[in-house]
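Report on the following structure.
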Amino acid sequence: MGTINSLWNFTKKFVTIGLITVTVSDRYVTVVPVRGGSMSPTFNPKTDSFTDDYVLVERFCLEKYKFSHGDVVIFRSPLNYKETHIKRILALPNEWYVTRHNNDVLRIPEGHCWVEGDNAGSSMDSKSYGSVPLGLVRGRVTHVVWPPHRIGAVKNTKTEGLLPSL
Amino acid sequence: MGLFRSVVKEAWEKTFLFTKFLCFLHVTDNYLVDPVKIYGPSMLPVIDLNPSIFLAERITPRSGKITHRDIVVFRSPQNPRRTVTKRVIGLEGDSITYVSNPENSDNDKHETVVVPKGHVWVQGDNKYNSTDSRHFGPIPYGLIESKIFWKVFPLDDFGSFWRK
């Protein structure tokens, strides 16, 4: 009888902790690993797979979907909903933007943003699939939390290529 | 002192129970079913102009099984704070022919597009009064949140909405 009772208690605790963890990570903050070198040198400055950076992602920005230039965000890929990408926002809705790779001038549509990786050479981003709906954004990256020697806030770099609104 | 301690303990237990309940609600809402209120002219005659309440499930979109004729709730590509309800007309790779301007029948331009990878084409059933893919183009699959499957309110239409 005792074993069944303790098993039941253990299951209850396990489910409770699971529910709370999922809720907090969906609504408030979560930690995700960064794979690949598209955001180097901000994340994964060295390209060896043993030292993937882990970053802290806050979800409070999803209440209002208010972002500023230079925010690093995670979003579902517009080409494959199962993939999550991590990139930097370079232009916001209704702005004019000069692309860095071929100097096109384009207007970001309403409700969209332009995202690019910090490592311009090897990054799949708005250069290949165009501007991304803000509705795909899943959170904003604020800190690197692992490995220990890289702990620190993510810097919001100044963006270039924005044209003054006409 | 003992009384004070038991009051604090009870308050803590009540709060914890309430928190657990909210977490449970969050998980069922986000991973299983979610009630949605829908109104507006764009899905007439299937969905009425007046507010009605539906149940929408999250499992089909999450497992990638959304197909033609499903009625889905998705985040508007034009305004991320709004969600809209439309019918899926085309999946990736389909070619869609649509009339860009159905009000003026004299200059009805037929346009054909191929839905790109990872996108779907959504349209309202009421083509004369609907802002949909004819206006903002195909939407990424990732914007789809849930699929309508049950009507709850008004009560006289209570029942399955799976194949409407």
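The values are calculated or read from the model by the stated rules, or taken from the named source; none is laboratory data. Given the structure is predicted, the values throughout are model-derived calculations rather than measurements. Counting neighbours? That spans all protein chains shown, and the Cβs are built from the backbone with ideal geometry, glycine included. Each accessible area value is taken on the protein alone, full model and side chains, heavy atoms only, with ligands, DNA and RNA left out. Shrake-Rupley method; radii C 1.70, N 1.55, O 1.52, S 1.80 Å.
Computed values, structure above
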quantity: Identity of the residue in the stretch A:120-143, at pLDDT 85 or above, open to solvent by 50 Å² or more (accessible area, probe 1.4 Å) and more than 14 Å from chain B (Cβ to nearest Cβ), that ends up nearest to B:Gln78 (Cα to Cα); calculated: A:Lys127
quantity: In the stretch B:138-156, the residues that are surrounded by fewer than 22 Cβ atoms within 10 Å (Cβ to Cβ) and free of Cβ contacts under 8 Å to residues at least 40 places away in the same chain; calculated: B:Leu155, B:Asp156
quantity: Count of residues meeting criterion [open to solvent by less than 50 Å² (accessible area, probe 1.4 Å), within 10 Å of chain A (Cβ to nearest Cβ) and of a type outside the set (Gly, Ala, Ser)] in the stretch B:46-65; calculated: 1
quantity: Counted residues, the stretch A:19-42 - those being in a loop (DSSP other than H, G, I, E, B) and over 15 Å from B:Cys23 (Cβ atoms); calculated: 9
quantity: B:Ser133 away from every other protein chain (no Cβ under 12 Å) and either over 26 Å from A:Ser128 (Cα atoms) or open to solvent by 10 Å² or more (accessible area, probe 1.4 Å) (or both); calculated: no
quantity: Pick from the stretch A:144-166, criterion under 14 Å from A:Met39 (Cβ atoms) and open to solvent by less than 80 Å² (accessible area, probe 1.4 Å), ranking: modelled with the highest pLDDT; calculated: A:Val144
quantity: B:Phe24 more than 13 Å from B:Val73 (Cβ to Cβ) and either in a loop (DSSP other than H, G, I, E, B) or under 22 Å from the mean Cα position of the chain (by Cα) (or both); calculated: yes
quantity: Breaking point among (1) away from every other protein chain (no Cβ under 14 Å); (2) open to solvent by less than 20 Å² (accessible area, probe 1.4 Å); (3) more than 16 Å from the chain's Cα centre (by Cα), for B:Trp121; calculated: (3)
quantity: In the stretch A:91-115, residue farthest from the other protein chains (Cβ to nearest Cβ) [restricted to those that are of a type outside the set (Val, Ile, Thr) and open to solvent by less than 10 Å² (accessible area, probe 1.4 Å)]; calculated: A:Tyr97
quantity: Of residues in the stretch A:70-111 being assigned to a loop (DSSP other than H, G, I, E, B) and within 19 Å of A:Val144 (Cα to Cα), the one nearest to the chain's Cα centre (by Cα); calculated: A:Asp71
quantity: Failed condition for B:Gly90, given (1) surrounded by fewer than 18 Cβ atoms within 10 Å (Cβ to Cβ); (2) away from every other protein chain (no Cβ under 13 Å); (3) more than 13 Å from the chain's Cα centre (by Cα); calculated: (1)
quantity: Any chance B:Lys127 is without any contact (Cβ under 8 Å) to a residue 40 or more places away in the chain, in a loop (DSSP other than H, G, I, E, B) and within 12 Å of chain A (Cβ to nearest Cβ); calculated: no
quantity: Subset of the stretch A:61-87 (residues that are within 10 Å of another protein chain (Cβ to nearest Cβ) and among the aliphatic types (A, V, I, L, M)); calculated: A:Leu62, A:Leu79
quantity: Only one of B:Thr97, B:Thr15, B:Thr83 that is of a type in the set (Ser, Thr, Tyr) and touching a residue at least 60 places away in the same chain (Cβ under 8 Å); calculated: B:Thr83
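Okay, residues lined up against (1) out of contact with any Lys or Arg (no Cβ under 9 Å at 6 or more places or on another chain); (2) surrounded by 15 or more Cβ atoms within 10 Å (Cβ to Cβ); (3) within 14 Å of chain B (Cβ to nearest Cβ); (4) in contact (Cβ under 8 Å) with a residue 12 or more places away in the chain:
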| site | (1), (2), (3), (4) |
| --- | --- |
| A:Leu7 | yes, no, no, no |
| A:Lys12 | yes, no, yes, no |
| A:Ile20 | no, yes, yes, no |
| A:Tyr28 | no, no, yes, yes |
| A:Val31 | yes, no, no, yes |
| A:Met39 | no, yes, no, yes |
| A:Asn44 | no, yes, no, no |
| A:Tyr54 | yes, yes, no, yes |
| A:Arg59 | no, yes, yes, yes |
